[in-house]
């Protein structure tokens with residue numbers, strides 16, 4: 001397995017084309033009697049103006065400040081950011097993203113852990129990692145690739161794991177299948193039982209939590225349905241229109257964050273506008289929006305049957321799932337060292353509250369004897 005250095009550099013022609021497209025954007029006013037949720041015309045126009053003015057070269061320098069690589073792993077190419085700690089025997093932490101974010105939104109958490117070896121890959125089909133050419137983007141395949149990346153490519157025989165969104169299931173699977181290699185799992189998106197397992201739940205708080213999720217999905221899950229059933233139709237539109245791509249991504253970043261109100265300014269206090277625009281830029285320049293939909297129609301976003309794990313675990317529930325029952329976590333994480341509910345931080349906890357999450361990681365690592373006491 002080979003690995004080579006990588007730096008982000010977008011050709012001037014691509015940036016010029018993007019600016020021209022943004023300048024020619026045809027916009028619409030808010031629809032009459034529109035639903036209360038969703039992207040507003042006013043915020044869309046603010047974002048588009050900011051994107052036109054974005055200093056992308058400055059963002060490239062920020063991203064390239066973290067060493068990046070392309071690794072050949074099990075027949076596919078994986079892009080990753082990898083920063084080693086000064087101490088050779090420091091613990092290693094795998095930090096995975098989900099949809100609609102990229103590796104870039106996880107870098108603040110990596111920066112907050114200078115005493116840990118951090119590995120932040122782009123999942124296959126996202127950003128600078130091409131999609132699997134001949135196999136599905138499933139939990140099994142993602143877990144296989146991530147484990148081989150950590151062990152055979154990077155040489156970490158033991159590692160900690162953290163995942164969000166789609167990769168939360170992958171993190172659970174790594175802990176379940178590779179207990180001899182996974183030293184511990186940190187979860188802000190704790191384990192979800194399968195639909196069949198949920199049907200057997202009887203505890204009132206467990207039943208209420210999954211009923212609430214189902215109701216929310218009924219109201220807010222159209223994006224996932226179309227990505228699962230009409231991916232190429234949607235991708236054609238978003239890959240051709242930067243305005244469309246931007247609002248499709250940012251709408252979810254706004255709705256799933258820990259913003260206190262519908263005012264997007266609440267989100268931007270947690271994830272600044274330049275970081276939002278950087279996410280859109282990465283999808284745009286890599287033309288990866290279509291392949292990023294593959295987990296939705298190939299099943300990686302659906303909790304599969306995963307055996308409970310005895311790997312030590314620390315759960316800090318993010319506020320998007322604040323009512324998640326502790327009993328569900330204890331049924332899956334058989335060595336649960338801590339269970340907390342985060343006071344701040346939503347679906348994108350690594351990006352929204354990186355310092356607080358880093359404190360959890362460091363405290364957990366100390367309990368496991370992987371870091372010296374404070």
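The values are calculated or read from the model by the stated rules, or taken from the named source; none is laboratory data. Keep in mind the model is a prediction, meaning the values are calculated, not measured. Backbone-built Cβ (ideal geometry, glycine too); neighbour counts: all protein chains shown.
Here are the numbers for this structure:
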| item | result |
| --- | --- |
| Residue within the stretch 32-39 that is surrounded by 17 or more Cβ atoms within 10 Å (Cβ to Cβ) and either without any contact (Cβ under 8 Å) to a residue 24 or more places away in the chain or not in a loop (DSSP other than H, G, I, E, B) (or both) present | no |
| Residue match in the stretch 316-331 (condition: part of a loop (DSSP other than H, G, I, E, B), touching a strand residue (DSSP E or B) at 6+ places or on another chain (Cβ under 9 Å) and crowded, with 20+ Cβ neighbours inside 10 Å) | yes |
| Residue ID - nearest to the chain's Cα centre (by Cα), chosen from residues in the stretch 4-18 that are surrounded by 14 or more Cβ atoms within 10 Å (Cβ to Cβ) and part of a loop (DSSP other than H, G, I, E, B) | 8 |
| Candidates 84, 21, 52, 44, filtered to the one that is surrounded by 18 or more Cβ atoms within 10 Å (Cβ to Cβ) and in contact (Cβ under 8 Å) with a residue 12 or more places away in the chain | 44 |
| Members of the stretch 24-43 that are closer than 17 Å to residue 240 by Cα and under 30 Å from the mean Cα position of the chain (by Cα) | 25, 27 |
| The stretch 182-200: number of residues that are out of contact with any strand residue (DSSP E or B) (no Cβ under 8 Å at 6 or more places or on another chain), in a loop (DSSP other than H, G, I, E, B) and surrounded by 18 or more Cβ atoms within 10 Å (Cβ to Cβ) | 2 |
| Only listed residue being under 21 Å from the mean Cα position of the chain (by Cα), part of a helix (DSSP H, G or I) and under 16 Å from residue 51 (Cβ atoms), chosen from 247, 226 | 247 |
| Among (1) in contact (Cβ under 8 Å) with a residue 60 or more places away in the chain; (2) surrounded by fewer than 24 Cβ atoms within 10 Å (Cβ to Cβ), the one test that residue 110 misses | (1) |
| Total residues in the stretch 89-133, condition farther than 23 Å from residue 61 by Cα, in a loop (DSSP other than H, G, I, E, B) and touching a strand residue (DSSP E or B) at 6+ places or on another chain (Cβ under 9 Å) | 7 |
| Residue list for the stretch 121-155, restricted to those being surrounded by fewer than 19 Cβ atoms within 10 Å (Cβ to Cβ) and farther than 17 Å from residue 295 by Cβ | 148, 151, 152, 155 |
| Number of the exception - residue 38 against (1) at pLDDT 95 or above; (2) under 30 Å from residue 108 (Cβ atoms) | (1) |
| Selection count where residues are farther than 24 Å from residue 224 by Cβ, touching a helix residue (DSSP H, G or I) at 6+ places or on another chain (Cβ under 6 Å) and modelled with pLDDT of 80 or more, scope the stretch 251-276 | 1 |
| Test for residue 118: is it crowded, with 24+ Cβ neighbours inside 10 Å, modelled with pLDDT of 95 or more and either closer than 19 Å to residue 351 by Cα or in contact with a helix residue (DSSP H, G or I) (Cβ under 7 Å, 6 or more places away or on another chain) (or both) | yes |
| Residue satisfying condition, being under 29 Å from residue 205 (Cβ atoms), crowded, with 20+ Cβ neighbours inside 10 Å, in contact with a helix residue (DSSP H, G or I) (Cβ under 6 Å, 6 or more places away or on another chain) and modelled with pLDDT of 95 or more, within set 280, 351, 300 | 351 |
